[in-house]
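The structure appears below as structure tokens.
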Amino acid sequence: MSAHKSIMAGLEETFEYVSGTTDGTMIHEIEIPEFDVAKIRQNTGLSQSEFAKSIGVAKGTLVNWEHGRRHPTGPAQVLLALISKNPAVVQEVLG
């Protein structure tokens, strides 16, 4: 299938979905878990400053996550999920 035909097929499927027709449409739903960012950080043994630096966010962002004023989104959620499973993953990869 050419790129044009693939894009057109995707657009047609989108229009069908939006209009309420979902027959034959694949719908992928991913549940995003809530994170206890402070606990994840504590399991790494790093300070707030060290942890924020290691994942590439400002310390203020991390503090807001830990206090529940803000919530991580997108790639930060994926990174936190990885760190929650393996607290040393960032050091192992970037070490």
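The values are calculated or read from the model by the stated rules, or taken from the named source; none is laboratory data. Quick caveat, the model's predicted, so the values are computed rather than measured. Virtual Cβ from ideal backbone geometry, glycine too; neighbours counted across all protein chains shown. Quick note on the areas: whole protein, heavy atoms, side chains included, nothing else; ligands and nucleic acids left out. Shrake-Rupley method; radii C 1.70, N 1.55, O 1.52, S 1.80 Å.
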Given the residues G10, G45, which is the only one that is on the phi > 0 side of the Ramachandran plot and of a type outside the set (S, T, N, Q)? G45
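Give the number of residues within region 28-49 that are open to solvent by less than 100 Å² (accessible area, probe 1.4 Å) and not polar (S, T, N, Q).
The number of residues fulfilling the criteria is 10.
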Within region 44-69, track down each residue that is touching a residue at least 40 places away in the same chain (Cβ under 8 Å) and either touching a strand residue (DSSP E or B) at 6+ places or on another chain (Cβ under 8 Å) or of a type in the set (V, I, T) (or both). T44
Considering region 50-95, residues that are under 14 Å from the mean Cα position of the chain (by Cα) and of a type in the set (S, T, N, Q), and then whichever is surrounded by the most Cβ atoms within 10 Å (Cβ to Cβ), we arrive at S84
Selection count where residues are assigned to a loop (DSSP other than H, G, I, E, B) and of a type in the set (S, T, Y), scope region 1-53: 6
List every residue pair whose Cβ atoms lie under 8 Å apart, where the two residues are 6 or more positions apart in sequence or sit on different chains, the first residue falls within region 1-26 and is open to solvent by 100 Å² or more (accessible area, probe 1.4 Å), and the second residue, located anywhere, is modelled with pLDDT of 85 or more. M1/A9
